[in-house]
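Asks: The following block contains the structure, expressed as structure tokens.
The values are calculated or read from the model by the stated rules, or taken from the named source; none is laboratory data. This one's a predicted model, so the numbers in the text were calculated from it and none came from an experiment. Here the Cβ positions follow ideal geometry from the backbone for every residue, glycine too, while neighbour counts run over all protein chains shown. Accessible surface areas use protein heavy atoms only, side chains included; no ligands, DNA or RNA. Shrake-Rupley method; radii C 1.70, N 1.55, O 1.52, S 1.80 Å.
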Amino acid sequence: MEMKECPEVSIFCITYNQVDYIEECMDSILSQKTSFKFELLINDDCSNDGTREKIEEYASRFPDVVKPVFHSSNQSSKGINPTSEFLFPRAAGRYYALCEGDDFWVDDNKLQIQYDLMEKNPETMLCGHASANVSADERKILGLNRPFGGTGFYTFRDFVGIKQIPPMATASLFIRKEAYEKYVYSGYVKKPAHGDFKMEMLFTALAPMAYIDKVMSAYRVLAKGSINRDIMRRRDWRDIERKLTQTRVDYLRDMELVAPSDRIDGLSDLMDDIEYKGALAVSDLSTLLGRWRDRFEAESLGRRAKTIVYSCFPLIQDSIRIIKSYL
């Protein structure tokens with residue numbers, strides 16, 4: 001079969017000060033074995049650690065594949081979403097795959113596997129797969145993210161049932177062009193909730209999502225320069241967590257306006273679960289006992305004891321978070 005001239009898949013990569021990781025990220029993408037062409041659209045947000053130079057080197061070596069986007073000033077600090085604002089308008093593919101600069105793919109057939117599945121199931125908007133959580137520098141496997149029981153198609157209600165938000169890692173997502181267009185042009189991309197969460201919830205509310213129970217990507221836990229690592233060291237992290245919880249709940253409430261009611265069964269349960277976990281994360285003991293006493297008392301003794309201690313002595317939790325961010 002003759003390979004088409006235009007890329008079938010556009011890969012979106014955003015990076016900022018990830019010089020220690022960006023080569024492995026790009027190598028894992030360029031090593032993909034496919035029957036179709038693909039392109040790597042990579043946005044560097046004014047890195048000052050050598051990341052840009054690495055990208056320029058790869059762009060000169062693979063000019064038909066690696067297509068960088070550079071800026072004169074940092075865009076994320078202005079509240080701009082680089083993926084939807086700069087990469088999406090340049091994309092030529094019928095499908096979009098994601099891989100942030102500190103993550104990487106671990107299966108050379110990842111793109112082909114997801115592409116084949118989506119081609120056979122045109123009603124599906126989103127495909128994801130199992131992934132590994134690894135230590136940032138040593139790449140030691142810390143755990144696997146396998147949210148569902150096996151390969152198959154899963155509904156919004158299934159998402160609610162696993163109580164994991166968002167269910168899949170960014171680097172596992174494979175999206176139909178029409179779905180991402182709907183996401184952008186509807187304005188949902190600009191709502192304040194986290195991007196992966198918004199996409200996975202919206203696309204699955206509109207059509208069952210495909211999941212492949214095969215580990216094909218890796219997520220670096222607390223990588224250098226990551227937002228999560230930065231938040232762990234901030235004194236106002238509780239305010240950030242509370243805002244994250246509220247934006248997710250607000251987003252889900254808005255979904256009632258765009259998704260058929262029979263497609264979002266369990267929406268209220270999911271919002272309640274997000275609020276409970278948000279209160280647990282910040283050790284808000286009074287809210288936990290006031291709204292979810294039975295559920296909190298069903299937690300393990302260790303979990304309850306830790307929450308009580310952190311509630312009474314918040315500086316202990318602050319200190320532990322800072323220490324963990326350096327491990």
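Asks: Select from the stretch 123-147 the residues that are open to solvent by 60 Å² or more (accessible area, probe 1.4 Å) and either small (Gly, Ala, Ser) or over 19 Å from Met201 (Cα atoms) (or both) and list them in ascending order.
Replies: So in the stretch 123-147, the residues open to solvent by 60 Å² or more (accessible area, probe 1.4 Å) come out as 123, 137-142, 144, 146.
Of everything in the stretch 123-147, those that are open to solvent by 60 Å² or more (accessible area, probe 1.4 Å) and either small (Gly, Ala, Ser) or over 19 Å from Met201 (Cα atoms) (or both) turn out to be Asp137, Glu138, Arg139, Lys140, Ile141, Leu142, Leu144.
Asks: Another question about this same structure. Can you give me the number of residues within the stretch 223-241 that are surrounded by fewer than 16 Cβ atoms within 10 Å (Cβ to Cβ) and of a type outside the set (Asp, Glu)? If you could, list the steps in order and put the result at the bottom.
Replies: Quick first cut of the stretch 223-241, residues surrounded by fewer than 16 Cβ atoms within 10 Å (Cβ to Cβ) only: 224, 227-228, 230-231, 233-236, 239-240.
Next, from what is left, pick out any that are of a type outside the set (Asp, Glu): 224, 227-228, 231, 233-235, 240.
Final tally of qualifying residues: 8.
Asks: Out of everything in the stretch 63-109 that is of a type in the set (Ser, Thr, Tyr) and touching a residue at least 40 places away in the same chain (Cβ under 8 Å), what residue ends up being farthest from Leu173 (Cα to Cα)?
Replies: Kept after step one, since they are of a type in the set (Ser, Thr, Tyr), are these residues of the stretch 63-109: 72-73, 76-77, 83-84, 95-96.
After this cut, where a residue has to be touching a residue at least 40 places away in the same chain (Cβ under 8 Å) as well, the list is 76, 83-84, 95-96.
On the way: Ser76: 21, Thr83: 14, Ser84: 15, Tyr95: 10, Tyr96: 8 Å.
The qualifying residue farthest from Leu173 (Cα to Cα) is Ser76.
Asks: Could I ask something else about it? I'm checking my understanding of the structure. Among residues of the stretch 149-183 that are under 13 Å from Met209 (Cα atoms) and among the charged types (D, E, K, R), which one is most open to solvent (accessible area, probe 1.4 Å)?
Replies: Filtering the stretch 149-183 for residues that are under 13 Å from Met209 (Cα atoms) and among the charged types (D, E, K, R), the one most open to solvent (accessible area, probe 1.4 Å) comes out as Arg157.
Asks: Now, a different point. Go through the stretch 81-102 and report how many residues are touching a Gly at 6+ places or on another chain (Cβ under 9 Å) and open to solvent by 20 Å² or more (accessible area, probe 1.4 Å).
Replies: Summing the residues that are touching a Gly at 6+ places or on another chain (Cβ under 9 Å) and open to solvent by 20 Å² or more (accessible area, probe 1.4 Å) in the stretch 81-102 gives 2.
Asks: Just for the stretch 54-73: of the residues that are of a type in the set (Asp, Glu) and surrounded by 12 or more Cβ atoms within 10 Å (Cβ to Cβ), which one is farthest from Asn17 (Cα to Cα)? Break it down into steps so the answer makes sense when it comes.
Replies: Filtering the stretch 54-73 for residues of a type in the set (Asp, Glu) gives 56-57, 64.
Now restrict to residues that are surrounded by 12 or more Cβ atoms within 10 Å (Cβ to Cβ): 56-57.
Details: Glu56: 14, Glu57: 16 Å.
The selected residue is Glu57.
Asks: How do the pairs read when you match residues in the stretch 263-275 that are on the phi > 0 side of the Ramachandran plot with residues anywhere that are open to solvent by 20 Å² or more (accessible area, probe 1.4 Å), using Cβ under 8 Å and keeping only pairs 6 or more apart or on different chains?
Replies: Going by the 8 Å Cβ cut-off, the qualifying pairs are Gly266/Arg157; Gly266/Gly161.
Asks: Pick from the stretch 286-327 the residues that are modelled with pLDDT of 95 or more and outside any helix (DSSP H, G or I): which of them is least open to solvent (accessible area, probe 1.4 Å)?
Replies: Top of the filtered list is Glu299.
Asks: Which residue pairs have Cβ atoms closer than 9 Å, lie 6 or more positions apart in sequence or on different chains, and pair a first residue in the stretch 148-171 that is closer than 10 Å to Glu200 by Cβ with a second residue that is open to solvent by 20 Å² or more (accessible area, probe 1.4 Å) and of a type in the set (Val, Ile, Thr)?
Replies: Note: pairs meeting the criteria are Phe159/Ile165.
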